[in-house]
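**Q** Structure below; questions to follow.
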Amino acid sequence: MTSRVRVGIAGIGSHVPEKILSNRDLEQLVDTTDEWIVKRTGIRERRVVSPGENCSDLATAAAQKALAAAGIAATELDMIIVGTVTADHVFPGVAPQVQVNIGAPQASAFDVSAACSGFLAVLNCGEAFIASGAARRVLVIGAEALTRMVNYEDRGSCILFGDAAGAAVLTPFEHCDQGEILRRSLGADGTGHSMIWMESGGTKQPHHMEGYDSSRNFIAMQGREVYRFAVQKMAELIETSLEGTDPEEFGLVIPHQVNQRIIDGALERVGLAPEKVVVNIERYGNTSAASVPLAWDEALRDGRVERGKLLVLVAFGAGLTWGSALVRW
Ligand code: UT7
């Protein structure tokens, strides 16, 4: 049996659209208040794509920054994997568009649909390809233009979501000497598939089919049920990721930016102090697959990520799906 290649993170980058949608702006669109949104979610504003700006543009910009941080040319990549549920088109995926935009004609390119767990899913895939020796340099991206799917008449969901992209370049650890992925996991429970979904617009209910209901062509969710699942799953993923590790080595948890209260609830369960967690939900809302790499990139730029310390990445979302990774920076 061949031995596994150790995999590291050579560079990270992120990108958000310029346009800001504040809670005050939302007060003009739907029956809500800034006070309610801040108290129940921690969100103050989120970024939204402008006309002509699409998921592939966000993904491309994040990819270019990650490549620059890694000091690796696009022509050196052999694979691009994008986690998204808001691709520019139903098909083809965003990854082949990124391949063209960044100039990586030699790289294979495909998308993975795992909603808010999207970045953890592509990170898991990228790690596995390199670890098995099937790839050497893999660009993984979480990118979403979720606000194009939001129903701005549904106050229970429209206040949550924002647009963004985050990317990481993975290489054999011996080439980058940082960010070794020590553990990773993925999971799913398909019995919860209608807890967060966009029911119409797929092949079961396409827009030209008799009985098509355009009100179902938006994100819909059972907020309270998702809330309960999320607190429990986040706590469980943090605990299993850190199992058997030395508490002295622990650095930060970088969780999916789902809701400040969900993050606080999970932290309380596992007994972690708030300063041990990266949270930027106040400025970006829930950006689905982009949220973990966006928070990770900001924490790196803010100098919060200490070399040699352990980082725990956790995410969960529609599917239901979830994923985690333990990384030594
Ligand atoms: O990545 C996974 C994606 N999914 C999620 O992130 C969802 C996770 N769930 C949540 O974050 C929370 O459940 C929400 C933020 C969606 C809702 O917060 P909540 O504390 O669970 O509120 P609730 O659904 O229990 O609603 C409480 C009240 C209701 O009014 P009544 O029935 O008590 O009179 C809602 O109609 O708050 C009302 N409400 C609002 N009021 C003002 C719901 N949304 C709003 C709003 N503004 N935007």
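Derivation of every value follows stated rules applied to the coordinates shown; laboratory data play no part. No experiment lies behind these values; they were computed from the predicted model shown. Positions of Cβ are generated from backbone atoms using ideal geometry, with glycine treated the same way; all protein chains shown enter the neighbour counts.
**Q** Provide, for q = 0.10, 0.13, 0.16, 0.19 Å⁻¹, the log10 of I(q)/I(0) from a solvent-free Debye sum over equal Cα point scatterers in region 181-328.
**A** -0.39, -0.62, -0.86, -1.12
**Q** Still on this structure, I have one more. Once the dipole of region 7-177 is set up with Lys and Arg at +1 and Asp and Glu at -1 on Cβ about the Cα centre, which of Leu26, Ala167, Ala107 lies farthest towards its positive end?
**A** Of the candidates, Ala167 comes out farthest on the positive side.
**Q** Take every Cα-Cα pair in region 196-247 and report what % of them are more than 15 Å apart.
**A** Of the Cα pairs, 63 percent sit more than 15 Å apart.
**Q** Something else now. Please order Thr84, Thr240, Thr41, Thr287 by the number of other Cβ within 10 Å, starting at the fewest.
**A** Fewest-to-most Cβ neighbours within 10 Å comes out as Thr240, Thr41, Thr84, Thr287.
**Q** For n ≥ 4 DSSP H runs only, could you compute -39500 (n - 2.57) per run for the chain, divide by its residues and tell me the 222 nm figure to the nearest 500?
**A** Helix-only estimate at 222 nm: -9500 deg cm²/dmol.
**Q** Around Phe250, which amide H atoms from residues at least 5 apart in sequence, or from another chain, sit under 5 Å from its own amide H, with H modelled in the peptide plane?
**A** Those lying under 5 Å, H to H, from Phe250 are Leu310.
**Q** If you don't mind, another one. So what J values fall out for region 181-197 if you push phi through Karplus, 6.51 cos²θ - 1.76 cosθ + 1.60 with θ = phi - 60°, rounded to Hz, Gly and Pro as x?
**A** Along region 181-197, the couplings run 7, 8, 9, 7, 8, 9, x, 7, 9, x, 5, x, 5, 9, 6, 9, 6 Hz.
**Q** May I ask what percent, to the nearest 5, of DSSP beta bridges between residues of the chain are antiparallel?
**A** Bridges in the chain that DSSP calls antiparallel: roughly 70 percent.
**Q** In Å and whole numbers, how far do the C-alpha atoms of region 1-47 stretch along each principal axis, longest first?
**A** 61, 24, 13
**Q** Additional query: Taking the Cα centre of the chain as origin, sum charge times position over the Cβ atoms of Lys and Arg (+1) and Asp and Glu (-1), and report the length of that vector in debye to the nearest 20.
**A** Computed charge dipole of the chain: roughly 300 debye.
**Q** Something else now. Any lysines with Cα under 25 Å of the Lys276 Cα? List them, leaving off those in the same chain fewer than 8 positions away.
**A** Reachable lysines: Lys39, Lys233, Lys309.
**Q** What is the local net charge at Gly118, summed over the other residues whose Cβ is closer than 12 Å to its Cβ (Lys, Arg +1; Asp, Glu -1)?
**A** -2
**Q** Can you give me the span-like helices of the chain, meaning DSSP H runs with 18 Å or more of Cα extent along the axis and Kyte-Doolittle mean at or above 0.5?
**A** 55-70, 118-131
**Q** Moving on to the next point. Any chance you could check the Cα centroid distance between region 232-248 and region 253-329 for me, in angstrom?
**A** 13 Å
**Q** Now for a separate question. Restricting things to Cα coordinates, could you compute the convex hull volume per residue of the chain in Å³?
**A** In the chain, the Cα hull volume divided by residue count equals 140 Å³.
**Q** To the nearest µm²/s, what D does Stokes-Einstein give for region 67-140 at 37 °C and 0.692 mPa s, using the Kirkwood radius over alpha carbon pairs as Rh?
**A** 264 µm²/s
**Q** Sticking with this structure for a sec: Can you find, among Ile37, Gly187, Val82, the residue farthest towards the positive end of the dipole of the chain? Put +1 on the C-beta of Lys and Arg, -1 on that of Asp and Glu.
**A** Ranked along the dipole, the leading option is Gly187.
**Q** Quick one: Debye curve from the alpha-carbon atoms of region 7-177 only, equal weights, vacuum; give me log10 I(q)/I(0) at q = 0.09, 0.16, 0.18 Å⁻¹ to two decimals.
**A** So the normalised log intensities are -0.33, -0.86, -1.01.
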